1. If you line up the long axis of helix 85-119 against the longest principal axis of the chain, both from Cα atoms, how many degrees apart are they, to the nearest 10?
2. For the chain, what's the relative contact order in percent, using C-alpha pairs closer than 8 Å and at least 6 residues apart?
3. Which residues does a label at residue 30 reach in region 68-86, if reach means a backbone N under 15 Å from a point 7 Å past the Cα toward the Cβ?
4. Relative to the longest principal Cα axis of the chain, at what angle does helix 9-20 sit, 0 to 90 degrees, rounded to 10?
5. On a 0 to 90 degree scale, rounded to 10, what angle separates helix 74-83 from the longest Cα axis of the chain?
6. If Rh is defined by the Kirkwood formula over all Cα pairs and Rg also comes from Cα, what ratio Rg/Rh do you get for region 101-150?
7. So, how do all the Cα-to-Cα distances of region 11-128 break down into 10 Å bins, in percent, from 0 on up?
8. Sorted by mean Cβ packing within 10 Å, highest first, what order do the peptides 85-98, 31-44 take?
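No value in this document is a laboratory result; all are computed from the given coordinates. If you're wondering where the values come from, they're calculated on a predicted model, not measured in any experiment. Glycine also receives a Cβ, built like all others from the backbone with ideal geometry; neighbour counts cover every protein chain displayed.
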Ligand SMILES: [Zn+2]
């Protein structure tokens, strides 16, 4: 599996930030399947990274988080994105598409709910609001009392 398939979302986004902020000081394709790189950490420290493209778990990094483990850290991701910038671009495009889709979904839901509520009788709406207030969190109930009753 590819490195992006086994990395956590947190590592991917932090790695993307490192890539974007030019923390990858060196990146070289040493063979068809292996990348070698040097990445600047959050301070002045530098980490040696190798990325095994077909066997991502064999990748290495000298940072404290990943050294001696198979963890995919942000440094490995940053080196990977430096070698494959189209993958970084794809990540951003997918995130933007997802966000746009979420927004469309919320707009649809808002429309459906509004339509539903407009069709209800006033007495049913009173029951519904009361039910929601009693089932909802305490702060909501308190706010309702404060804003509308007191
Ligand atoms: Zn690392």
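1. 10 degrees
2. Rounded, it is 19 percent for the chain.
3. The answer is 76, 79-80, whose backbone nitrogens lie closer than 15 Å to the label point.
4. Tilt relative to the chain: about 60 degrees.
5. 70 degrees
6. Rg divided by Rh gives 1.09.
7. Result returned by the calculation: 13, 33, 18, 10, 10, 10, 6, 0.
8. Per-residue Cβ counts within 10 Å, averaged per peptide and sorted highest first, yield 31-44, 85-98.
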